[in-house]
Every structure is written in C-alpha cells, then in structure tokens.
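Only one structure is covered here, and it is reproduced in the block below.
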C-alpha cells in the first residue's frame, strides 16, 4: 500500500489530470463516458430522423451533418456509419468504460475498505488509454470516406476491403487502432480490480461480506480479462488482412471488377473470435448494472437483499455460462447444426440464474419500506427492462426460432431493452446514488423524477414497437424500408419510434443539466445521505487520499442489515460491532 | 411538416415542465425542504405513479397488438415454417404470463410498500424453500422449451434427401443483388469460382465443366413449385450477405469462400397467398439481411410459388448456360479436344473455339 505516496495535492496537473487517486479517475471515466454517451445518443436521433421520415429533407441534419446529409437527406453509407459508431460508442465507451470504469474505480476501494487501487499508476494509465481511444474513435468521424460503417461487429470481408464501402478505408483503420487501445485500457483496469478485491479487503471483509456491487465488478473484471484479449487477436488479424496481404478471413472474393488474390481464409473465424468477446461483453455491461441495482434496492427498500448467497451464485453462474454461448449469434452462418443445438442449450440456461435474480429483487421489495429516490426509480426501471428484454431472449436463443427473426428489428428491440436500457438504467441509477460520494453535492430530486418517468416511457416507446417490425420481417440496418412494398404500412411504427426517441433524447438533457449544475452548485452532501450500510459512507465528504483520515474501519457484519429486529435504527453500518445476541447473516 | 410541429411542441412541453419544476422548487424551499431529500409527499406521488405506469405500459402493448398485429408476417408458406410458428406460439404462451405476473408484482409491491416512517421493513434475508422454488420451476419450464426447440431445429436442419426429388437452386449474392441458378436435368451444378468471373459470366462458371452446361441462370425473380422440397445452396461474391425469405421462415448467410445450405418445401402458392393476405399486389421476396454496404437496404428478388406444371413451363423458357454462338451441347460432342485446350485457358478461350 505505498502506491500513492507521491501525490502532491497542490499540483493541479497531478490532482485533476494525471491523478492516480481512484476517486478522481472514477470521475474522469464518468465525464468522458457521459460525453461519449451523449454523442452516441445524438447519432441515434439523426438516423431516427431518416428512418421515421425517409428521404425528407431535414434542415437539422443538413446543419449538423453537413456533407453527410446533402440537401438535408442523410446519405445511405453515412446512415450506416452513424449506426456503426452509435453501437460502438454505446457498447464500449458508455456501457463498458463509462459504467465499469466509473463505478469499479469509485466503489471497489471504498466498499472493501482499501486506501486505493492496488496500482494507482496502472489505473491512471487505464483512464488515459481510454481517453486516447475515445479521441481516435471521434477522429475517425472526420477522415476521408468517413468512419467505420460495417456495423459495430465489423464483420470482414466488408470491413477488410476498402473497395467494399467508403467506411472501410482509413476510418476502419482508426476504429481498429481505437479498439486495440481500448482493450489495453480495459485489461489494465480489470487486472487492477481483481487484484484489489482479492488482496486489499479490510479486516473482517470476507468475500461473503462484500456488497453485491463488488461481487458484480469482480466477475465482470474476470470476464473482461478472459474475453477482451480474444477481440484484440481478432482485430489484429483483421488489420493484417487489411494492410499486410494476409487472408485469415478472406477467400474467393471478386470485388470492384477484379478477383482478389486471397485464398483459404474464413469470415466465420472472425465471427467466432468476435463473439467470444461479444457475448460476454453483454454481461460485462449487465453485471455491474445489476450489482449497482442490488445495492440501491436494498438501501432504499430498507430491507436486506433477498437471497444474498443466491445472488452471488447467480452472478457466478451468469458469468460462467456467458462464455459458453457466443454461437447463438451465428445460428444462420452455416455453422454445423449440431453446434447450433449445443449453443441453444447453453443459451437458454442463462435464463435460470436470471430468473433467480428477478425473483430475488421482487422479494426484496415485498414488505419493504421503499423510499423513491431517483436512484431507486431507475433500479425499479432496470428490473422491468431486464424482465421485458430477457424474456424475448428465450425466443432468440432458440435456434429454430432465431432463423426467422435473426438480424431483424426483433433483435434490435431485444438487446436494446435487455442490455442497452438495463445497462443505462444501472449506470444512471449509480450516478444518482453515488453522486454525493463523487462530488460531495446532491442532485436535484425533482429533475430526477421527471428524468425517470420521461426516460422509461420514451424508452419503451422506442424499443417495444421494434418487436412488431421484427415479426413483420424488417431487417435491421436498413437505410429505409421504402424499397419494399411489403413494408409500406409499417411507416407509422417508425414515426412512433422516432418521436419517442426524440422525447427520450430531450429527457437526457434534463439529466445532463442536473448533473452539470449540481457538480458546481448543488447543495452540500451529508456524510451518509441515503442512510446506507456500506463502508464508502464512512469516509469524509471531502475527498482525501487514502480515503479514511485515521485507521481503515474494521468490518463486523454483512452489508444488508437493514430494519434488523431489535435494532433502534433501520440500518446498521458494516463497521458497527455485533451486539451480544445478534445473529450474523453474512456468514 | 406535421412531424416537425410535433417535435417543436415536445420541446416547448419540456421547457414548460422545466419552468414548473422551478416553481415547485421555490415552493419547496419556502416550506423548508431541500432539493434532494425524498419527502413523504414525494414517496406518495411516486408510489401512485407505479400502478399508473403499469396500466399505461400494458395498455400501450394492447394498443400495439391491435393496431400493428395485422402487419406481422402471414401464415408460414413452408412446411417447416409451421413447426417454427408452433414453437413460437408455445414460447409466447410461456413468456407472456411470466411477463405480466412479474410486472404486476414489481409495480404492485413498489406501490404497496412505499415508505412509512411508522413501519419497519420485514427482515427477510433468505428462504431456501423460495429460492429452490424459483430455481427449479424455471429449470423445468426451460428444459421443456429446450427439448421442444432442439427437436424442431433437428428436423429443420436435416438435409433434403435425393429421394425426395428436390429442386436444386443456388442463390448467389453480390453487392447489390441476387442471381439464382437452377441445377438442370443432371441435378448437379457446374463448377464455379470468382476467378472465372468475366463479362456476362457473373457467376464465374467454369465453361469446361459439362455439369454446368444445362444450368439455368435467372435474375429479378425465381420460381418454386409448390409442395416439392427445394434445396438451396448459397454463395457470395464479395462480402457476407444473408438470404432472408421471411414468408418461408428461412434464412441463411451467404459467405465468400464457402457454400452454405438450407432447404424447405413451399406449401402455399403466390396466388393463394394473395387471397390469404387479401392483397393483390402480394409477392414473396428474398432480401439481404446482413449488412453488406451502402445499398444493403435494396437487395431484392421476387419469389413466385406456383403449381408443378406452371413451374416446369417457366423453367423450360429459361436459357441454359453458355448460349454464346451455338449450343453448349455441341461442345459436348467434340468434348475431348475442346476440354484439352480449355483446361489451361479461361472461359473466353472456350468461346473463341466455338
């Protein structure tokens, strides 16, 4: 524990920029992630204009996008570019780095009772690599040919051949460079989280006394370490195919008027490598969100989380199964039907631990004493989206059913609800809950209430109708549905979705206003505003290096002693010693 | 223009809302409340909104089903598609009650157990019985779904056997269109490779391979006979495409460098389906369902399902491969010398011999 002795508080550069303090790094991740998230969201609004009113000139698009929307109509290849970068930013920059980076960094040392991360320097490096990769990704928007446009999964040969589409030129090279750096950032972060959780827990903080947030971050970090290097390998081989004439993914291709000299590679290999990360990635997003929700639900229901051990068990089970299911993204690639059967089996198994989690949340609410803080509202919203989106997963995970809804809007609806909304709700929930811990000030509750109700209404307004589009056979990533008479009467659905998307987008600006205003002008936070049990609320409001001014508190109980019979208050923080007759629920 | 008006009114609505919050905030401050601590009044309001939201959510789903249900795909036009639709219906029957029940519980509990300072929450950390219950019940239900699903999947993916006399069709995808090739009387496709692509030979067929001489190549639309199995072979020229035929519940990726396959038996002719959908303009379609470039959204081919007689008549009208200057059958006669010369040459060499 000597990693943070070199800090110099008087030095602005090292306090705010090259800080090795986990709390500052968490804030850096939050601000960068939120910034990227708003860019990703704005992109979705731009392409929703095209989808709702295809071919109609829009002065907004012309003003903002310039040459991407000649005469106010978005160009087809730029539509794909927006879709691609929207997906990349939301999945990786907002919901991986923004979510895990912020809350793992903030909460791991604070909730396990450590003075900082195991390696403050690696932590700082992790943030700055993330920053660099964000810059590269944004820079790719301005290069000739535009950014990568082959979908966020960048399947070759489309992504490997510059002749295939404008975005497969320099834009794609930058995408690969950005993601390679992103992966390094993620690995440095994840290794740090794992080591910190295993080695730096305070006295009494056994693994089964850790808050569920920490369990979720722990399993997430392990998933990241196991799967991100595979994506690294995948994009590296892609880079070789693009730049050095190899053909790992290419074979028998005739494009732009000539046959290429490539032989023997297989694009399916890329798909396997990509989804070996791609599917665990879903849980890299979801698990932290679920961990945050567990904590917020217990605190605000003033009730222990129901089935603490079952919750840990299901986090572990979800983590384990998640690396065995990647093939369900590939049922119709021509993969062996036997493999399809195996992946159907493993995929549907995920529903069991997920069901356990849902029922445990419901039982936690039952006979609770619920305080509706904005964080609690988003936690309830997450349970709803997790159910709604999770259930359609039972359809998509079934190979026979997937044949006809694969790559349709049904999938878009499904994953946006179960991963996009749940992930975002979890992140927003965490921001409302731990904002006082991060900035020492409070967010405005009324703006929070309005933000929540507008968000959940518009979110379902956007994504629920997509199931109908999918069941009508509309493929995703179509610039317009107007080329097919079959889809002519679906335009109402698209208009509805686009209008709700705009309401939802505006609602996020209410949140942004609340966030920015409160960072500087919000009322000062008390030490433990939500009367919570976990250790982070025992630290002083003003951030100090090493987190606790004196000795690190010792932990005597599990984190969920809310409304314990016999206790005077409805919460007992973890550092309060056990009473003589008290039963220890954590062990 | 109407839409723009809607957007403008939404923006104005939000501004109005923001002003209202400002007023509420000032009123709250006057009463001595702060801007973050959740009061009893807040709890009551939020708790009441919970069932309201639930009702709105469910009502909107019912509305969507009524308003948009008629736009969903019509009955399956293929034999295996019916088994998929049955499996789909079974899945919905399992999913919907769970969805409704859990949502009712979630929002009911949230409303019912909102904060009351005179009450204490029940300390109920775990119950092995309950946890076992909701591990076992989903396990059993999912086991049934898995078995049912795998059974359906195995039936669908079993290749069509030659005894069933399938129509052999190759679907060839390129940026941005489709070409279909029928195997002809020998029921085998001639060898083809992208390296042979030249001029009109868009499929890259090897003109020295006699198996290809009776292959028939069609564009814009292809025909299928009703109630006879069709075996599709898929190829792609440049990037990954996906052959999606939604009415037949059929989809398979077309991948450069390899062939993929899928088979089905059409059961409803195009004209019958026009009656079922009450739409005279109705047409079965093949579309691309894997992002493949800027015009991905417009890669289509019509599919016509008709009686066996009509199908044979249509196929008879289609031209065979290599009709350049005389029939390819003539090549067959002088096959020995032609093939010798052609093995080291390309399609163009063969043509010049003719």
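Here is how the numbers come out for the structure above:
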{"read-out": "Calculated FRET efficiency for the pair residue B:137/residue B:193, C-beta based, R₀ 60 Å, to 0.05", "value": "0.65"}
{"read-out": "Residues A:141, B:147, A:161, sorted so that the one with the fewest Cβ neighbours within 10 Å comes first", "value": "B:147, A:141, A:161"}
{"read-out": "Label-point separation in nm, residue A:42 to residue B:277, each point 7 Å along Cα→Cβ", "value": "4.1"}
{"read-out": "Calculated P(r) of the range A:282-415 - Cα pairs past 28 Å, %", "value": "24"}
{"read-out": "Other protein chain Cβ atoms within 10 Å, averaged over every residue that makes up A:349-361", "value": "5"}
{"read-out": "Rounded to 5, percent antiparallel among DSSP beta bridges of the protein assembly as shown", "value": "70"}
{"read-out": "Size-normalised alpha-carbon gyration radius of the range A:9-98, reference 2.2 N^0.38 Å", "value": "1.46"}
{"read-out": "Selected from B:220, B:30, B:294 as most flexible by GNM, with chain B as the system and alpha-carbon contacts under 10 Å", "value": "B:30"}
{"read-out": "Virtual spin-label span in nm between residue B:58 and residue B:185, 7 Å along Cα→Cβ", "value": "6.7"}
{"read-out": "Likely footprinting exposure, A:205, A:165, A:122, fewest C-beta neighbours within 10 Å first", "value": "A:122, A:205, A:165"}
{"read-out": "Distance histogram for chain A (every C-alpha pair counted, 20 angstrom bins, percent rounded to whole numbers)", "value": "20, 55, 23, 2, 0"}
{"read-out": "Peptide A:301-308 - average C-beta neighbours from other chains (10 Å radius)", "value": "5"}
{"read-out": "Mean ellipticity per residue at 222 nm, deg cm²/dmol - from DSSP H runs of n ≥ 4 across the protein assembly as shown, formula -39500 (n - 2.57)", "value": "-18000 deg cm²/dmol"}
{"read-out": "For the range B:23-139: rounded, prolate or oblate by the Cα gyration tensor [a/c cutoff 1.5]", "value": "oblate"}
{"read-out": "Within 10 Å of each Cβ in B:146-156, the average number of Cβ atoms from other chains", "value": "6"}
{"read-out": "Calculated FRET efficiency for the pair residue A:269/residue B:162, C-beta based, R₀ 30 Å, to 0.05", "value": "0.45"}
{"read-out": "Nearest-ten-degree value, helix B:128-157 long axis tilted from longest Cα axis of chain B", "value": "20"}
{"read-out": "Inter-centroid distance (Cα atoms) of the range A:516-541 relative to the range A:12-37, Å", "value": "18"}
{"read-out": "Burial ordering of B:141, B:230, fewest other beta-carbon atoms within 10 Å first", "value": "B:141, B:230"}
{"read-out": "GNM top mover of B:160, B:140, B:38 - chain B, alpha-carbon springs below 10 Å", "value": "B:38"}
{"read-out": "Potential lengthening between residue A:246 and residue A:585 on full extension [0.36 nm per residue; Cα-Cα distance subtracted]", "value": "116.2 nm"}
{"read-out": "Nearest 10 degrees, 0 to 90: helix A:491-521 Cα axis against chain A principal axis", "value": "40"}
{"read-out": "Percent of beta bridges antiparallel (DSSP, the range B:166-343, rounded to nearest 5)", "value": "70"}
{"read-out": "Of all DSSP beta bridges in chain B, antiparallel share, percent nearest 5", "value": "70"}
{"read-out": "Point-to-point label distance, residue A:489-residue B:94, nm (Cα→Cβ direction, 7 Å offset)", "value": "3.2"}
{"read-out": "Degrees separating the helix A:374-396 axis from the principal Cα axis of chain A, which is the longest one", "value": "40"}
{"read-out": "Of B:202, B:18, B:183, the one that fluctuates the most in a GNM where chain B has Cα springs shorter than 10 Å", "value": "B:18"}
{"read-out": "Additional length obtainable on full extension of the chain from residue B:5 to residue B:66, 0.36 nm per residue less Cα span", "value": "19.3 nm"}
{"read-out": "Over the range B:166-343, volume per residue of the alpha carbon convex hull, in Å³", "value": "122"}
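Values quoted throughout were computed directly from the atomic coordinates according to the rules given, and no laboratory measurement underlies them. This is a predicted model, so every value here is computed, not measured. We place every Cβ from the backbone using ideal geometry, glycine too, and count neighbours over all the protein chains shown.
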